[in-house]
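Please read the structure below before turning to the comments.
The values are calculated or read from the model by the stated rules, or taken from the named source; none is laboratory data. Computed from a predicted model, the values in this text were never measured in an experiment. A quick note on method: Cβ atoms are made from the backbone with ideal geometry, for glycine too, and the neighbour counts reach across all protein chains shown.
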Amino acid sequence: MTAATEAPDGLAVEITGLAKSFGSLEVLKGIDLSVRRGDVVCVIGPSGSGKSTLLRCVNLLEEPSAGRIVVNGVELTHPDVDIDRARTGIGMVFQGFNLFSHLNVLNNLTVAQRKVLKRSPDEAQRIALRNLERVGLSEKVDAMPAQLSGGQQQRVAIARALSMEPSVMLFDEPTSALDPELVGDVLGVMRQLADEGMTMLVVTHEMQFAREVADRVLFVDGGLVVEEGPAEQVIGDPRHERTKSFLARVL
Ligand code: ADP
Ligand code: MG
């Protein structure tokens, strides 16, 4: 057995029985979740329900206590996996923008390409400029992060993740720290990525975005998937009481 397994047709992410405890605190209690290639799956749920822990387990920023995670046919939970290598195929965008504050935009986009993927400076720059254009910020190539608005910083963070040419993008409440007038630009970039066929797993409180862009929505509460289905159904016509009361609070 090796970490490489047969990828079931079209599955980019397959999570089965994922559990995670911190000491005696059981945060994830057996999550099953799959994302097909090219799909957008949104995860919604109350604060503290384990959404960030779930995403952090998907690229092994947290080590699962139990369960199996397969991303593009590589079992990340296999003991022999080369996790640094596998991680380069998984882009992550956090609530805080996490740019390197001492590097300008271009260097933010090239440093991991050069150091981790061993791309030449020329190639890294070419890929960086292409992705900066994708998020509409070509003119900011020489700016320092502190000179950018929060929305621009988040778009740079997205471009930086895209520059690694990941097969899957994970977003953890990417607009939660933004002033309201800046949210739309970031959601617009995410919508465009979805239209281009990017596989995305998105934790969000933006119900309108989830409704319009997600192929499937999961409602997570207490470390379990309480309800899942098409966005129209889960957000528009939820079946479970807990989903209904959550939506009544956020909509
Ligand atoms: P959400 O993103 O849905 O708000 P989180 O996944 O951040 O939820 O957190 C779920 C629970 O796990 C919370 O009770 C949180 O305090 C706890 N938790 C998260 N990370 C850690 C950690 N590194 N150590 C201990 N507890 C943690
Ligand atoms: Mg969170």
Exercise for the section: Report, by residue number, each residue of region 33-53 that is crowded, with 21+ Cβ neighbours inside 10 Å and in a strand (DSSP E or B). Expected result: V35, V40, V41, C42, V43, I44
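Does E63 satisfy the condition of being on the phi < 0 side of the Ramachandran plot, assigned to a strand (DSSP E or B), among the charged types (D, E, K, R) and surrounded by fewer than 19 Cβ atoms within 10 Å (Cβ to Cβ)?
Numbers: on the phi < 0 side of the Ramachandran plot: yes; assigned to a strand (DSSP E or B): no; among the charged types (D, E, K, R): yes; surrounded by fewer than 19 Cβ atoms within 10 Å (Cβ to Cβ): yes.
Against the criterion (on the phi < 0 side of the Ramachandran plot, assigned to a strand (DSSP E or B), among the charged types (D, E, K, R) and surrounded by fewer than 19 Cβ atoms within 10 Å (Cβ to Cβ)), E63 does not qualify.
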Fill in the blank from the handout: Selection over region 159-184 where residues are of a type outside the set (D, E), closer than 30 Å to K115 by Cα, out of contact with any Gly (no Cβ under 8 Å at 6 or more places or on another chain) and not in a loop (DSSP other than H, G, I, E, B) yields a count of 3
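Is it true that G38 is within 25 Å of S245 (Cβ to Cβ) and in contact with a Gly (Cβ under 6 Å, 6 or more places away or on another chain)? Break it down into steps so the answer makes sense when it comes.
On the way: within 25 Å of S245 (Cβ to Cβ): no; in contact with a Gly (Cβ under 6 Å, 6 or more places away or on another chain): yes.
No: the conditions fail for G38.
Examine region 185-193 for a residue that is in contact with a helix residue (DSSP H, G or I) (Cβ under 6 Å, 6 or more places away or on another chain), of a type in the set (A, V, I, L, M) and in a strand (DSSP E or B), and state whether such a residue exists.
Step one: filter region 185-193 for residues in contact with a helix residue (DSSP H, G or I) (Cβ under 6 Å, 6 or more places away or on another chain), giving 185-187, 189, 191.
Checking which are of a type in the set (A, V, I, L, M) leaves us with 186-187, 189.
Filter again for in a strand (DSSP E or B), leaving none.
Among the residues of region 185-193, not one is in contact with a helix residue (DSSP H, G or I) (Cβ under 6 Å, 6 or more places away or on another chain), of a type in the set (A, V, I, L, M) and in a strand (DSSP E or B), which makes the answer no.
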Exercise for the section: Scan (1) more than 13 Å from ligand 1 (Cβ to nearest atom); (2) without any contact (Cβ under 8 Å) to a residue 24 or more places away in the chain; (3) hydrophobic (A, V, I, L, M, F, W, C) for the single condition F22 breaks and write down its number. Expected result: (1)
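For every residue, the table says whether it meets (1) assigned to a strand (DSSP E or B); (2) more than 16 Å from ligand 2 (Cβ to nearest atom); (3) touching a Phe, Trp or Tyr at 6+ places or on another chain (Cβ under 9 Å); (4) at pLDDT 95 or above.
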{"residue": "V13", "(1), (2), (3), (4)": "yes, yes, no, yes"}
{"residue": "G17", "(1), (2), (3), (4)": "yes, yes, no, yes"}
{"residue": "I31", "(1), (2), (3), (4)": "yes, no, no, yes"}
{"residue": "L55", "(1), (2), (3), (4)": "no, no, yes, yes"}
